[in-house]
Amino acid sequence: MNIRDLLKERILIIDGAMGTMIQRHKLEEKDFRNEALKDHPGSLKGNNDLLSITRPDVIKDIHRLYFEAGADIIETNTFSGTTISQADYHLEYLVDDINFFSAKIAREVADEMTAKTPDKPRFVAGSMGPTTKLASMSPDVNNPGFRSISFDELVVAFKQQARALINGGADLLLLETVTDTLNLKAGLFAIEELFEEIGKTYPIMVSGTITDASGRTLSGQTTEAFLISVQHVLLLSVGLNCAMGAEALRPYLQIMAAKSTCFVSAYPNAGLPNEMGQYDESPAAMAKQVEEFCKEGLVNILGGCCGTTPEHIKAIADVAAKYKPRKVGTNSY
């Protein structure tokens, strides 16, 4: 069934945190290497996207657990899958493989799960993270006019990633955890250019992140301003993820739901991190908070970000099943 039709019928569930689940496996440096990378200089531990090549069994297992917990959509293991982010590990040359094989792995598990329950089709969202550089802000406080990346460089990187994700079998493209809207615009421009080149389109999801209690993105936009910035693109969904727990995210999600002309997504963190950087919010506590999103009719897609596990996703899915999805509005800018 077409995902747009499904989104009108029920709230769809997107998966939880890939990084949190990888940490459960307690992987070592050797897990991030294969024969081709055995002599690669520098540590590769922590480059989670690389595991789609070196430990595909781990990534497949995580995808499967999220599907079994109730997810309709899983994200590819490609949050840092651009040449920009992989430059930190001197692995720019592996970007095509990282994205292709990440999408291929996710596709295989999605098809396996759909075959078991054909009435519940599963979808693969190609995850495209914000990169490690910002186009609209200087990394040097003493030189505010300096930029570490250009719009054109971002377009090239995002287009390469999107192409490999599609070739690997992604159903959707998800530009997520957006902190800088100029980076996002480069990603959207790259995707639209790619669609023209291949003569085919795919649904696009966008998810921004509110970084603190100011209610703004890192590049300074309010929720409404962020939404206005992307209204020119035909999107499947727009929403918010990461940075905050569900309770703190709610007022900004209300704005998104009231103003958006497309479907709305939300996948918050499992609360705020403790002093050790860990997320303590239980599945039950998180489900209770996101239930308010459902009661208010704010969401069409719901899931979890940092600190969330299959246990969280199951609790969220159980709650979401009791409610109707948000009705797509006709508000327009």
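Just so it is clear, none of the values below were taken in a lab; they were calculated from the coordinates. Because the structure is a prediction, the values reported are computed rather than measured. Heads up, the Cβs are rebuilt from the backbone with ideal geometry, glycines too, and the neighbour counts pull from every protein chain shown.
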>> Once the cut-off is 16 Å, how many percent of the Cα-Cα pairs in the stretch 153-232 end up in the long-distance tail?
In response: 50
> K322: which aspartates and glutamates have alpha carbons under 14 Å from its alpha carbon, excluding same-chain residues fewer than 8 sequence positions away?
Replying inline: E9, E291, E292, E296
> In which sequence would T78, T209 go, from the one with the fewest C-beta neighbours within 10 Å to the one with the most?
Replying inline: T209, T78
>> How much of the pair distance distribution for the stretch 3-320 lies past 27 Å, counting alpha-carbon pairs only, in percent?
In response: 39
> Short version: ³J(HN,Hα) in whole Hz for each residue of the stretch 147-155, in order, from phi by Karplus 6.51 cos²θ - 1.76 cosθ + 1.60 (θ = phi - 60°), x for Gly and Pro, what are they?
Replying inline: 10, 8, 8, 9, 4, 5, 5, 5, 4
>> Going through the cross-link list K26/K288; K259/K288; K38/K314; K120/K295; K133/K200; K45/K104, which pairs have a Cα-Cα distance over 27 Å in this structure?
In response: K26/K288; K38/K314; K133/K200
>> Under the rule of at least 5 residues apart or a separate chain, name every residue whose amide H is placed under 5 Å from the amide H of R216.
In response: T211
> Taking every DSSP beta bridge that has both residues in the stretch 3-320, what percent is antiparallel when rounded to the nearest 5?
Replying inline: 5
> For the stretch 220-333, what is the per residue volume of the convex hull drawn over the alpha-carbon atoms, in cubic angstrom?
Replying inline: 97
> In the stretch 24-53, what trypsin sites (Lys or Arg not before Pro) fall in a loop by DSSP, with at most 12 other Cβ atoms inside 10 Å?
Replying inline: K26, K38
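Which whole-number percent gives the relative contact order of the chain, counting Cα pairs below 8 Å spaced six or more residues apart?
19
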